[in-house]
Number of protein chains: 2
Amino acid sequence: MQRIEKYIKQIKKPDENVKAKALDRLANQARPAGSLGTLEEVGAKIASIAGIKDKNIINTLDVQLKNKVVVTCAGDHGVVQEGVSLFPQEVTPQMVENFVNGGASINVLAKHAGATVKVADFGVNFDFSPNMPIFHKKVRKATSNFAKEPAMSKDEAIQSILGGISIVEELLKDADLNGTTVDILGTGDMGIGNTTPSSAIIAAFSGISVAELTGRGTGINDEMLKNKIQVIEKALELHKPNPYDPIDVLSKVGGFEIGGLAGLVIGAAAYGIPIVCDGIISTAGALIAYKLAPNVVDYLFAGHRSVEVGHKFMHQLMGLEPLLDIKFRLGEGTGAALAFELIDAATRILAEIKTFEEVAIINAQKQML
Amino acid sequence: MQRIEKYIKQIKKPDENVKAKALDRLANQARPAGSLGTLEEVGAKIASIAGIKDKNIINTLDVQLKNKVVVTCAGDHGVVQEGVSLFPQEVTPQMVENFVNGGASINVLAKHAGATVKVADFGVNFDFSPNMPIFHKKVRKATSNFAKEPAMSKDEAIQSILGGISIVEELLKDADLNGTTVDILGTGDMGIGNTTPSSAIIAAFSGISVAELTGRGTGINDEMLKNKIQVIEKALELHKPNPYDPIDVLSKVGGFEIGGLAGLVIGAAAYGIPIVCDGIISTAGALIAYKLAPNVVDYLFAGHRSVEVGHKFMHQLMGLEPLLDIKFRLGEGTGAALAFELIDAATRILAEIKTFEEVAIINAQKQML
């Protein structure tokens, strides 16, 4: 835990002066004040983050999000033994393969957004070749079935979070070698059964009833949904995860990739990189990070609001407003990748829309010609 | 009206076979069925439109939306005499100038979406130089004050719609000269006071109370809002626009640019081009078009849901689900331009995400190497 705290202490407050200057510019652009809604706040937030590293941002307000990376974190879940998912566990490694081959949904949407996809194994129930071009962060081949025992030990929970943080460091090192940096990160997930721990996590933190927080995942029927709710309710009764101890929650009802996703958020915040969370699993990871270090929220963006019902309660807990609401329920990072495009647009709005003053200058110059 | 009907008769039904094949492919992609929500329907709809012209689409399902154009339609409104807007009418020509100079919000968002901006004058209260690179479709310098008399004659209403249709034809002719085509259109608006006729139009068609449909436009206070509602209520009482006669509604409480926007939608549908409407003014135009020819909806996409309260009722009337909901209330085509990016992503989802079968083939090929 001390190793995680080292990174948490590293998280800086974004530059408030840049934010104020950005909001001022937005309010003075040649359009009604506030008329570009959510993207105005997004632009100011991105600028305030960029302002930490680049002292010139306060003058230009021009943030270029060039190097965009989605990290899709995979892991398996012992709780699938309880019949909570439609798909067999074999699908998890198959999809990891599919991500690496470039034909999956996240590859297509990341490409559209001009982003790169990186895949990380935190606990897939399969032995990948060490040569496979993924981040090898496996804690163990699938969590334990939390209907019967804690999903993982506290040490494993910490290991999964540190694995996520280390990915941020490795990405930065790689980018540094290429003379670039990581301008924005997105998180994504893959793992059969992973909406079950995600619903359990939001239930543990919020105290809202499991029935209200639990959805159909990949599309289970009424009977399976009823069973999924009971499995989560019983696990919470059995383990009594302490909502004031995020590591306790993660270890008892979480997942290795959820720990990894939490680590990505902490790592991104520690290194001053904006990070976009995707669906309910990514956001469960973000919520663990938020409970460990509430100030990660200064770096965090909610990519979209999923069909999965528990998602909106996670956003509410962190005070985040999702950028998209188009009935996605896939994960992989698809909603984060698509949200990159809106965030990128927000940077252009801030930098490029002329103020009333700038318009007047242009007109005066034209008249002088 | 006969001249408009000629175009309405030209509107074809999109290719149902292409749509069925698109939905089939989407359902067989290596991900849970339906998991990319709204963008699946969007992709199938776009493909079914493209299938009319390109018989090969049924084989490839690969629609390339290369040439994207936003047409921003400007006009002034006599009803501003009633104190319904914060800004003076002089702002309309200034903003037209700003669009042409490239520094306005729509220029920035269109550029981000890889789209071109075209500006059209349907009734700005200003004499633009004939050399100004805009579509010169002026019907008259501002509508009449519909608090006192009909906004325009029926002939003027028809002229404004025909002006919009002619823009589609001119864009196609231009594109043809460059060896391209127009792949998708977006509509936008500029005109001080133009939320007032837009709210009046949705009130006339829906019968919902004016108070429920009328918003603050660019940001008027409670007192001005109360006045705006009364102005619309009295105008509807005075003119009794016939909801079964869209030309009657447009002429009594509409605007020249709103007629132009209706014409753009009819023209796009007549020439088989998908068209995205923006905020409440664009959508008021789309609604006039829809009331004249309900099948335009096969070509129509709702870019976003505006803060302006009447907007959602327009979408409901046409059965359209907006792609974005990020508190925009600017117009100009900004929401349509941003929605282009999601529609473009929808075409990539349909064409590029591999099916389970394709993934199996790739894996078999890899194993043979």
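Tabulated results
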item	result
Where chymotrypsin sites (Phe, Trp or Tyr not before Pro) fall in DSSP loop in region A:241-313, at most 11 other Cβ within 10 Å	A:Tyr244
Average beta carbon contacts from partner chains per residue of B:341-348, 10 Å cutoff	4
GNM result for chain B, Cα springs below 10 Å: residue of B:Val70, B:Val276, B:Val231 fluctuating most strongly	B:Val231
Beta bridges by DSSP in chain B, antiparallel share as percent, to the nearest 5	5 percent
Gaussian network model of chain B, Cα within-10 Å springs - most flexible of B:Ile266, B:Ile247, B:Ile353	B:Ile353
Relative contact order, percent, region B:134-211 [alpha-carbon distance under 8 Å, six or more residues apart]	16 percent
Accessible surface, region A:68-349, averaged per residue in Å² (probe 1.4 Å)	31 Å²
Built amide H within the under 5 Å cut-off of B:Phe135, gap 5+	B:Val119, B:Ala120, B:Asp121
Per-peptide average of other Cβ atoms within 10 Å, ordering B:148-154, B:315-321 highest first	B:148-154, B:315-321
Solvent-accessible area buried by A and B, counting both chains, probe 1.4 angstrom, square angstrom	3900 Å²
Copy-to-copy label separations for A:Glu357, where each label sits 7 Å from Cα toward Cβ, in nm and ascending	6.2
Estimated 222 nm signal from helices in the protein assembly as shown, with DSSP H stretches of n ≥ 4 weighted -39500 (n - 2.57), rounded to 500	-16500 deg cm²/dmol
Packing rank of B:305-312, B:175-182, where each peptide gets the mean count of other beta carbons within 10 Å, highest leading	B:305-312, B:175-182
Cβ neighbours within 10 Å from other chains - mean over B:24-34	4
Viscosity 1.306 mPa s, 10 °C: Kirkwood-radius Stokes-Einstein D of region A:102-184 over Cα pairs, µm²/s	107 µm²/s
Inter-chain Cβ neighbour average for residues A:105-113, partner chain, 10 Å	5
Karplus-derived HN-Hα couplings along region A:278-284 (A = 6.51, B = -1.76, C = 1.60, θ = phi - 60°), whole Hz, x at Gly and Pro	9, x, 5, 6, 3, 6, 4
Solution diffusion estimate, µm²/s, Stokes-Einstein, chain A, Kirkwood Rh from C-alpha pairs, 4 °C, viscosity 1.567 mPa s	63 µm²/s
Simple Cβ-charge dipole of the protein assembly as shown, Lys/Arg +1 and Asp/Glu -1, about Cα centre, in debye nearest 20	100 debye
The protein assembly as shown - share of DSSP beta bridges that are antiparallel (%, nearest 5)	10 percent
Selected from B:Asp245, B:Asp298, B:Asp121 as most flexible by GNM, with chain B as the system and alpha-carbon contacts under 10 Å	B:Asp245
J(HN,Hα) series, region B:322-328, from Karplus relation 6.51 cos²θ - 1.76 cosθ + 1.60, nearest Hz, glycine and proline x	x, 7, 10, 8, 10, 6, 6
Over region A:27-135, volume per residue of the alpha carbon convex hull, in Å³	177 Å³
Share of carbon and sulfur in the accessible heavy-atom surface of region B:68-349 [1.4 Å probe, %]	50 percent
Normalised alpha carbon radius of gyration of the protein assembly as shown [divisor 2.2 N^0.38 Å]	0.99
Virtual spin-label span in nm between A:Glu212 and A:Asn363, 7 Å along Cα→Cβ	5.3 nm
Phi to ³J(HN,Hα) by Karplus 6.51 cos²θ - 1.76 cosθ + 1.60 over region B:157-169, Hz, x for Gly, Pro	4, 5, 4, 5, 5, 4, x, x, 4, 5, 5, 4, 5
Largest to smallest accessible area among B:Arg3, B:Arg216, A:Arg329 [probe 1.4 Å]	B:Arg3, B:Arg216, A:Arg329
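The values are calculated or read from the model by the stated rules, or taken from the named source; none is laboratory data. Nothing here was measured: the structure is a model prediction, and the numbers come from that model. Neighbour counts are summed over all protein chains in view; Cβ atoms, including those assigned to glycine, are modelled from backbone coordinates with ideal geometry. To get the accessible areas, we keep the full protein, side chains included, count just its heavy atoms, and leave off ligands, DNA and RNA. Shrake-Rupley method; radii C 1.70, N 1.55, O 1.52, S 1.80 Å.
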